[in-house]
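Each remark here refers to the structure printed beneath this line.
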Amino acid sequence: MADIGKIVEGAEELEQPVTIGVEAYVSPDYARAEQDRLWRKAWLQAGRVEDIPEVGNYITYDILEDSILIVRTAPDAIKAYYNVCTHRGRRLVDTPPGKRNAVGKKMRFVCGFHSWTFDHAGKCTHIADKELWQGKLTDERTRLGEVRVDTWGGWIWITMNPDAAPLRDYLEPAASHLDPFQLQNMRCRWRKWVVFDCNWKVAVEAFNEIYHVSGTHPEFMAFAEFNGWARNQGLHSNIGYDAPKAMDANQQAKLRIGHGDARISTAELQKYTWEAANTNTTMTLYNAAMRLKDELPEGTPNNEVLMHWLKSARADDEKRGVIWPDVDPAHNAKAGTSWQVFPNFQIGHAVNNMLTYQMRPYKADPDKCIFEGAVYELYPEDEAPETEWEYTEPADWPPVLQQDFANMAAVQQGMKNGGFRGTQPNPYRERAIASLHYNLAQFMGTGTPRKLD
């Protein structure tokens, strides 16, 4: 049990030390209640716009018992429906065995049970023996149930809540902080998913703070310091690096300057990141870092090394038709390095690449989740690779992520230990954890963090 202290009544109180009970992580009742109280109320990231480029293209998105069918209905229009036939409740589009979701192209959707047929507008256009219903099967009774859908950042978002705020309002202030990075222009380099042995919130929390780097990924400490902050941003949160005051404002909270000779350590950090994580960098950045020792003299100040590296990489990308967006230095510093979009989507952003994670419950089992990771970057026009969601066993993910996985499984087990008194997140470096549970409690009606006495 967590120590009992005064309940946190406002987000500003998350700057104080708090404790969080274990119910949200381990309780079967809590996990079941999430369906109605959380997942059917919030806006959820359901796919990329480029996954349905042509009229008739569709994808599905599943969350617990609900399956959503998302269809490109016109060159400039997307619709979303409950993926269930209105006749007898059969799922309209099945997910192929072993796949994350269904993907395809259809000009109409035919139920596999009795062949009721639906068009892109959700209207039921064919019912065998319809006259036997004695005129009672109206269009309203037979059409597919519509789900609210919108787009932002290149993603498709859905909500089953008819009373939810508009997507843009829901995403603020994250949307305004991230708009300058033009995330809609990036395309996937790889995307993987796995059913993993921990609660989805344990998985979220493994990636919404930098505090764990020295303990979980000690190899990175040979290259640079990784001290970070976390901030509540209303319904959402963001994290970033504490940067040296001498660092150029354009890079504060974004990139690491290495120890010692920054020409060497920056190259080593990029090499390790590319080979052991395959995230948060690109081959252009990697190649530019490898040239630093030849292009700059020994003793070049760290900040100048960083600026030369980025200028060189930007120029290389421009030559191949990849244009980085220009982001105001002050804005860049405030945006940090990653955003946690409530409840379960994380965006690690930069001007030329990003890393995203999404975590979802698996069959309302509090001890399991669906964990998804995707890496994006900017590509020349028509040169982005075609990628699919690949089911990848934990041992086959990049080594750095395997280190995180080891913690996630161990934390899930540790939460059940009778001697565990509740999470006590660092109020500066891990405030995003407290922020998550503060906002979860607004939906769930339980689990509000309490201030430590």
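The values are calculated or read from the model by the stated rules, or taken from the named source; none is laboratory data. Given the structure is predicted, the values throughout are model-derived calculations rather than measurements. Here the Cβ is made from the backbone with ideal geometry for all residues, glycine too, and neighbour counts use every protein chain on show. Remember, those area values only see protein heavy atoms, side chains included, never the ligands or the DNA or RNA. Shrake-Rupley method; radii C 1.70, N 1.55, O 1.52, S 1.80 Å.
Within region 387-397, is even one residue without any contact (Cβ under 8 Å) to a residue 24 or more places away in the chain and open to solvent by 10 Å² or more (accessible area, probe 1.4 Å)? Yes, region 387-397 contains a residue that is without any contact (Cβ under 8 Å) to a residue 24 or more places away in the chain and open to solvent by 10 Å² or more (accessible area, probe 1.4 Å). Among the numbered conditions (1) closer than 23 Å to Leu235 by Cβ; (2) modelled with pLDDT under 95, the only one that Asp3 does not meet is (1). The sole residue among Leu92, Leu69, Leu44 that is over 23 Å from the mean Cα position of the chain (by Cα), in contact (Cβ under 8 Å) with a residue 40 or more places away in the chain, within 25 Å of Val195 (Cα to Cα) and open to solvent by less than 50 Å² (accessible area, probe 1.4 Å) is Leu92. Please tell me if Gly336 is buried (at least 18 other Cβ atoms within 10 Å of the Cβ) and on the phi > 0 side of the Ramachandran plot. Against the criterion (buried (at least 18 other Cβ atoms within 10 Å of the Cβ) and on the phi > 0 side of the Ramachandran plot), Gly336 qualifies. If you go through region 313-329 one residue at a time, do you hit one that is within 22 Å of Phe226 (Cα to Cα) and assigned to a loop (DSSP other than H, G, I, E, B)? The answer is no; no qualifying residue exists. Of the helices (runs of 4 or more DSSP H) lying entirely inside region 158-210, those containing at least 1 residues that are farther than 17 Å from Ser435 by Cβ are 167-171, 174-178. Determine, yes or no, whether Thr125 is among the hydroxyl-bearing types (Ser, Thr, Tyr) and under 21 Å from Ile78 (Cβ atoms). Considered against the rule, which asks whether it is among the hydroxyl-bearing types (Ser, Thr, Tyr) and under 21 Å from Ile78 (Cβ atoms), Thr125 comes out as yes.
Going by what's in this entry, would Lys192 be described as of a type outside the set (A, V, I, L, M, F, W, C), under 22 Å from Tyr376 (Cβ atoms) and under 15 Å from the mean Cα position of the chain (by Cα)?
Taking the combined requirement at face value, the residue satisfies it.
Residues being at pLDDT 95 or above, open to solvent by 10 Å² or more (accessible area, probe 1.4 Å) and in a loop (DSSP other than H, G, I, E, B): count how many of those fall in region 236-294. Within region 236-294, residues that are at pLDDT 95 or above, open to solvent by 10 Å² or more (accessible area, probe 1.4 Å) and in a loop (DSSP other than H, G, I, E, B) number 1.
Among the candidates Gly447, Gly418, single out the residue that is on the phi > 0 side of the Ramachandran plot and not in a strand (DSSP E or B).
Gly447
Checking region 162-181 against the condition returns a match, with at least one residue being over 19 Å from the mean Cα position of the chain (by Cα) and in contact (Cβ under 8 Å) with a residue 24 or more places away in the chain. The test for being within 30 Å of Phe371 (Cα to Cα), touching a residue at least 40 places away in the same chain (Cβ under 8 Å) and out of contact with any strand residue (DSSP E or B) (no Cβ under 7 Å at 6 or more places or on another chain) does not hold for Lys105. Quick check on Glu13: is it among the acidic types (Asp, Glu) and farther than 18 Å from Gln340 by Cβ? Considered against the rule, which asks whether it is among the acidic types (Asp, Glu) and farther than 18 Å from Gln340 by Cβ, Glu13 comes out as yes. For region 211-234, taking the residues that are free of Cβ contacts under 8 Å to residues at least 40 places away in the same chain and not in a loop (DSSP other than H, G, I, E, B), the one that is nearest to Asn302 (Cα to Cα) is identified as Met221. Exactly one residue out of Ala203, Ala165 is open to solvent by less than 20 Å² (accessible area, probe 1.4 Å) and farther than 30 Å from Pro380 by Cα: that is Ala203.
Looking at (1) at pLDDT 95 or above; (2) open to solvent by 20 Å² or more (accessible area, probe 1.4 Å), which is the one condition that is false for Trp324? All conditions are met except number (2).
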